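Engineer: Quick one: structure below, then a few questions.
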Amino acid sequence: MTTIETPQASPTTDAEKQALLSVRDLGVSFRTEGGEARAVDGVSFDLFPGEVLGIVGESGSGKSVTSLAIMRLIPDPPGKIVSGQIMYGGEDIVQKSYPDMRDVRGNKIAMIFQEPMTALNPVFTVGMQVMETILTHEKVSKSEARDRAVEMLEKVGIPEARKRLKDYPHQFSGGMRQRVMIALALVCHPNILIADEPTTALDVTTQAQILELMLDLKSQKEDSSIILITHDLAVVAETCQRVIVMYGGKIQEVGTVEQIFTDPKHPYTKGLLASLPSTSEAKQKRLYTIPGNVPALHEMPEGCKFCTRCSEVVDRCHSEEPPVHQLDSGQLVRCHLFEEEK
Amino acid sequence: MAEPLLEVRNLTVRFPIWGGVLRHKVAEVRAVDDVSLTLYKGETLGLVGESGCGKTTAAKAICNILKDTAPGVIEQGEILFHGKGEPVNLLELSRGDMRPYRQLIQMIFQDPFSSLNPRMTVREIIERPLIVHTDMTADARRNRVHELLEKVGLQAAYDTRYPHEFSGGQRQRIGIARSLAARPQLIIADEPVSALDVSVQSQVINLLQDLQDEFDLTFLFVAHDLSVVYHISDRIAVMYLGNMVEIGDAETVYRQPQHPYSQALLSAVPQPNPSKTREDRIKLKGEIPSPLNKPKGCGFHPRCPLAIDACSKDVPQLAEKESGQLAACPVT
Amino acid sequence: MTAYFIRRLLLMIPTFLGVTMIAFMITRFLPGGPLEQELMRFRMAQAESGGGGSSMTQAGGELPQEALDELKKAFDLDKPAPVAYKNWLTRMIFDLDMGNSYKTREKVWDAISARFPISIFFGLTGFVLAYGVSVPLGIAKAIRHSSRFDFISSALVFIGYSIPGWAMGALLLVFFASGQHLDWFPLGGFESNSYDDLPSIVKKWEDIDDVSDDFGSFDREKMSLVSKVVDRIQYSVLPVFCYMIGSFATLTVLMKNSLMDNVGQDYVRTAFAKGLSPRRVIFYHALRNSLIPIATGLGHALSVIMAGSYLIEKVFNIKGIGLLGFNAIVGYDYPLVMGILSINIMLMLFGNILSDFLYALIDPRVRFE
């Protein structure tokens, strides 16, 4: 057994590959009425070239804040990155000046959001919004930018893209709007796409199409990676290679998708998976439940964040924050139960 | 089980679209088109479909609150309620006559944040239906509120708090307690768990099932999450563009869907099982058309992988398939 | 959408008819109408002529029946109210004739149109300045939300909001125009009495201010223009300030809140995520959206511009429409009341449509059906 302060779980197959993005000991706090709340605490992980990394968690788990921190989009005030590094291309994103950061955003790391309804500016045409990304980052003529925009919109599956450049976001359906979002995010060929709940607001059949599209575009650019933030375990199971499970602002478990779904270690991960209605086997009468509610940030317990709801809780969980343990399988687990395990 | 509680017959709801200089009707949307279904006592019927399929409109029509919430017009159809002996057509009742029935048919809403009045205490919220529908004394009402709170897994002492002091899951429990207050027979739940955290969803689903057993409730469970619907329902009905395309036993519909749309919908549902491949997934072409330009014939035929010429001409009727359910497809 | 605006324009007709009809009927049935006024005038004239003709005085100041009938005819009072209304309406529409003022015998249209330039001048200047100050101020406050600048400007703006314009006017006159403290501005009026002959005024200032050398090189015409402008500014600073002072607060706070709302929207986050500069995100993406509620107010301003304010006009002795309307109502001068009312209603109705039109113009999501 090894206990490490900065866990470096790497995909078992590409162990020697250089990480594209390395987050170390990231901490983000928010000023609230109830005082300072740590939304993200000591988060460390690597993103490797070519992989789809899933970050799952419930409301308040810190998954979205983590992704916004990578883009330096934490609303300040009330939020602030209080510790840690985010290494990208040999440089620390946290220390970057604003103009340097602009060169990263949309150009090297792009982001798409949950609500395609509100994430596009309602008073500008779709064409202008896609072209704007190109014109911000590249010295090209307007007509060239327009051609690139058309090409990108066609690529994301918008029929008659040239004609639709002049349309406004409200003239598109929800799924089409998310396609536009993807187009304006990927038009400058960033090598990391952060997708924050990209399909939560969409219908099931549209969700399948959008996920398909994202993976398809990723495979077209070698060594590009996706960070998929979601609360939906099933979406993670279908799209990701590695999974980070977050709860209470901390990473609780990291593993490959097979490990997490077939052999979860952390009691929280186990509970989450068990509480999903099973559809493959015969119907169970009652669902497994994790007792209690997700605590608000300022009500998080001392010690292990999950101790108030954990079925395998022991005394020290209430007082002592468990360290991250790396198992032989490569899985990382933040739980006292694995202290003796070899 | 065979005793019906509610029968919906040929329900058609349309929303007129007004326009032009003189504001004449320029078009209309048939949000619910000739839908028939029966709810049997004590069962749970899951109603699934994607946005715009008419499932919420149908639910509202059954509660007879369509007029109050949207300018929908019930064009034809009957909603026969068997809860009080002889069947009564709810659509023919006046507002006053509807009142005793409204007590027996309650609704649970999706958004636990907006469906509770923020300026009322939990007790006032849950007490409301008791004041409207019963002549209980204040003391009796308070006891009943406490009893209901405990039933839904909240402390009785919470009754003086306001909704904003609760988490999403707890709020949904308050909504459930309110719906139970007047001792209903039928509960229409419109996406009751989709706004909740995953770890809280299963608590609420279990609670609904426990309450169903205890109070002999009948559920119409409207949702888009198929695995939840499959879990909770005895039977499943699938809607597409205002039409009922398939209805039958939950196990059969889920395992052997007969309508091509149900098949595509089910295959699009992601599974929490990474070893399952997505290769055999049915990929649908295009998107759901706007209900304003509903295709002729079968509404699904432009996207249907199995469509034949006849599909673009006549609206297919529900017919019994080999596996036992009804499906509106002439091909399968 | 064209259909919508055609419908709105058509709907103006019944609205206009309804309002003017009700007002017209009220003027017919209220006491103190034109007949009573004529009688009063007659009696006064009699009293003045004194004991000139004793037989006449004995008649008790009664008008002969023929004269009374003639008067009734002149005021259309011999016909039933609906017919009189129809006559008033047709005369107004086809001849632009709204009758004569009972008081001054002046044509109503002439009386009103003589005041137009004054009201339009004050209304427009106040309006342009209010928007010109409030919009940038609101933007600056939004960007520096919670700063000291934000607090102080809010305090000033709200003090202005809570003081009525006319009270402020009186105060300003005492301090800046009465000569008791300062004598920077004239006490009132719209322009110097010798406005049309201004070069001489400049001479006068030359004597006072000793700026003759600067002005000496100007040719006569130019001097006349410059001095006219100076004169106009001198006379309008105080009243215009009083006109606007109330609208500062609402406009500034509306602008600030609107921009802050928009800065918190998802699309602003998207714009930042694209790598845009904060300047472009705020002044291009967010500002465009936050101007929507401000721009729709422009239509309503149309009627406000014309309405004027009785109290401010009274304080500054400006002969504007506000004062004219007030005097007309107090003096039972019904043709004048009806004339001003008709014009105001038309402006209000057009203003509303203009607002909707502007709304549809700026916000592509808006589709009126």
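Engineer: Dipole of chain B (Lys/Arg Cβ +1, Asp/Glu Cβ -1, origin at the Cα centre): which of B:Pro260, B:Tyr162, B:Ser202 lies farthest to the positive side?
Structural biologist: Result: B:Tyr162.
Engineer: Taking loop as defined by DSSP and a crowding limit of 13 other beta carbons within 10 Å, which trypsin sites (Lys or Arg not before Pro) in the stretch B:112-166 fit?
Structural biologist: When the trypsin sites (Lys or Arg not before Pro) of the stretch B:112-166 are filtered for loop state and at most 13 Cβ neighbours within 10 Å, B:Arg119 remain.
Engineer: Grab the other residues whose beta carbon is less than 12 angstrom from that of C:Tyr85, score K and R as +1, D and E as -1, and report the net.
Structural biologist: +3
Engineer: Could I ask something else about it? At a threshold of 8 angstrom on Cα-Cα distance, excluding pairs fewer than six apart, so keeping six or more, what relative contact order does the stretch B:134-246 reach in percent?
Structural biologist: 20 percent
Engineer: Just give the residues from the stretch C:286-303 buried by at least 30 square angstrom of accessible area in the all-chains context relative to the isolated chain, probe 1.4 Å, and say none if nothing qualifies.
Structural biologist: With the partner chains in place, the stretch C:286-303 has these residues losing at least 30 Å²: C:Arg288, C:Asn289.
Engineer: If you don't mind, another one. At most 16 other Cβ atoms within 10 Å and a DSSP loop assignment: could you name the GluC sites (Glu not before Pro) in the stretch B:127-163 that fit?
Structural biologist: Nothing satisfies the criteria.
Engineer: With contacts defined as alpha carbon pairs under 8 Å and 6 or more residues apart, what's the relative contact order of the stretch B:272-332 in percent?
Structural biologist: 23 percent
Engineer: Let me ask something else. About its Cα centre, what dipole magnitude does chain B give when the only charges are +1 on Lys and Arg Cβ and -1 on Asp and Glu Cβ, stated in debye to the nearest 20?
Structural biologist: In debye, rounded to 20, chain B gives about 980.
Engineer: Now for a different question. Across peptide A:118-128, how many C-beta atoms of other chains are within 10 Å of each residue C-beta, on average?
Structural biologist: Mean inter-chain Cβ contacts per residue within 10 Å come to 5.
Engineer: Count the net charge of all other residues whose Cβ sits under 13 Å from the Cβ of C:Phe24, scoring Lys and Arg as +1 and Asp and Glu as -1.
Structural biologist: +3
Engineer: Return the long-range amide H neighbours of B:Val245 (sequence gap of 5 or more, or a different chain), with a cut-off of under 5 Å between placed amide H atoms.
Structural biologist: Close amide H contacts, sequence-distant or interchain: B:Val238, B:Met239, B:Tyr240.
Engineer: Okay, which of the stretch A:123-142 sit inside 18 Å, backbone N to the point 7 Å along the Cα-Cβ direction of A:Glu154?
Structural biologist: A:127-128, A:130-131
Engineer: Sticking with this structure for a sec: Once amide H atoms are built 1.01 Å from N in the peptide plane, which residues 5 or more positions from A:Gly106, or in another chain, come under 5 Å H to H?
Structural biologist: HN-HN under 5 Å from A:Gly106: A:Met111.
Engineer: So, by mean Cβ neighbours within 10 angstrom, what's the order for C:284-296, C:8-20, C:333-345 with the highest one leading?
Structural biologist: Highest mean packing first, the order is C:333-345, C:284-296, C:8-20.
Engineer: Once the piece of chain linking C:Met40 and C:Val229 is laid out straight, how much longer is it, given 0.36 nm per residue of separation minus the C-alpha distance between them?
Structural biologist: Roughly 63.5 nm would be gained on extension.
Engineer: Based on the mean of other Cβ atoms within 10 Å per residue, sort peptides A:165-177, B:197-209 so the most packed one is first.
Structural biologist: Going by the mean number of other Cβ atoms within 10 Å, highest first, we get B:197-209, A:165-177.
Engineer: Tell me, what ³J(HN,Hα) does each residue in the stretch B:119-133 have, in order and in whole Hz, if you take phi through Karplus 6.51 cos²θ - 1.76 cosθ + 1.60 with θ = phi - 60° and put x for Gly and Pro?
Structural biologist: 9, 10, 6, 4, 5, 4, 5, 6, 6, 3, x, 5, 5, 5, 9
Engineer: Which whole number gives the average count of other chain Cβ atoms within 10 Å of the Cβ atoms across peptide A:224-234?
Structural biologist: Working: counts 0, 0, 0, 0, 0, 0, 0, 3, 4, 5, 9.
Counting Cβ atoms of other protein chains within 10 Å of each residue's Cβ and averaging gives 2.
Engineer: Can you tell me the FRET efficiency between B:Val315 and B:Glu147 if r is taken as the Cβ-Cβ distance and R0 is 45 Å, rounded to the nearest 0.05?
Structural biologist: 0.35
Engineer: Taking only DSSP H segments of four or more residues, each worth -39500 (n - 2.57), what value at 222 nm results for chain B once the sum is divided by all its residues, to the nearest 500 deg cm²/dmol?
Structural biologist: -9000 deg cm²/dmol
Engineer: Now for a separate question. Across peptide B:261-273, what mean number of C-beta atoms from other chains lies inside 10 Å of a residue's C-beta? All intermediate terms of the calculation are to be shown ahead of the outcome.
Structural biologist: Numbers: counts 1, 0, 0, 3, 4, 2, 3, 8, 7, 13, 9, 16, 10.
If you average over the peptide's residues, the count of other-chain Cβ atoms is 6.
Engineer: Using 1/(1 + (r/R0)^6) with R0 = 45 angstrom and r between the beta carbons of A:Met87 and C:Leu361, what's the FRET efficiency to the nearest 0.05? Present the calculation step by step, with values, prior to reporting the outcome.
Structural biologist: On the way: r = 49 Å, r/R0 = 1.09.
Once rounded, the FRET efficiency stands at 0.40.
Engineer: Hey, any idea what Rg/Rh is for chain A, computing Rh the Kirkwood way over Cα pairs?
Structural biologist: Radius of gyration over Kirkwood radius for chain A works out to 0.98.
Engineer: What FRET efficiency do you get for B:Arg99 and C:Ile152 if R0 is 56 Å and r is their Cβ-Cβ distance, rounded to the nearest 0.05?
Structural biologist: 0.45
Engineer: Can you list the residues, at least 5 places off or on another chain, whose amide H is less than 5 Å from the amide H of A:Ser83, using H built in the peptide plane?
Structural biologist: Amide H neighbours of A:Ser83: A:Gly27.
Engineer: Once a ≥ b ≥ c are taken as the square roots of the eigenvalues of the Cα gyration tensor of the stretch B:4-233, is the result rounded (a/c under 1.5), prolate (a/b larger than b/c) or oblate (a/b not larger than b/c)?
Structural biologist: It comes out prolate by the Cα gyration axes.
Engineer: If I take every Cα pair under 8 Å that is 6 or more residues apart in chain B, average their sequence separation and divide by the length, what percent do I get for the relative contact order?
Structural biologist: 19 percent
Engineer: In addition: How much length is gained if the chain between A:Asp147 and A:Ala274 is pulled fully straight, taking 0.36 nm per residue apart and subtracting their Cα-Cα distance, in nm to one decimal?
Structural biologist: Full-extension gain reported as 40.8 nm.
Engineer: What ³J(HN,Hα) values, in whole Hz, does the Karplus curve 6.51 cos²θ - 1.76 cosθ + 1.60 give for the stretch B:80-97 when θ = phi - 60°, with x put for Gly and Pro?
Structural biologist: Computed from phi, the couplings for the stretch B:80-97 are 8, 10, 9, x, 10, x, 4, x, 10, 7, 4, 5, 8, 7, 6, 4, x, 5 Hz.
Engineer: Among B:306-314, A:57-65, what's the highest-first ranking by average C-beta atoms within 10 angstrom per residue? Walk me through the intermediate numbers first.
Structural biologist: Numbers: B:306-314: 13.7, A:57-65: 23.4.
So the order, starting with the most tightly packed, is A:57-65, B:306-314.
Engineer: Let me ask another. Which ³J(HN,Hα) values, rounded to whole Hz and listed in residue order, are derived for the stretch A:172-181 from phi using the Karplus coefficients 6.51, -1.76 and 1.60 in 6.51 cos²θ - 1.76 cosθ + 1.60 with θ = phi - 60°, glycine and proline given as x?
Structural biologist: My calculation for the stretch A:172-181 gives 10, 6, x, x, 5, 5, 5, 5, 4, 4 Hz in order.
The values are calculated or read from the model by the stated rules, or taken from the named source; none is laboratory data. Fair warning: this is a prediction, and the values are worked out from it, not measured in the lab. Heads up, the Cβs are rebuilt from the backbone with ideal geometry, glycines too, and the neighbour counts pull from every protein chain shown. Heads up: the accessible areas ignore ligands, DNA and RNA and are worked out on the full protein's heavy atoms, side chains in. Shrake-Rupley method; radii C 1.70, N 1.55, O 1.52, S 1.80 Å.
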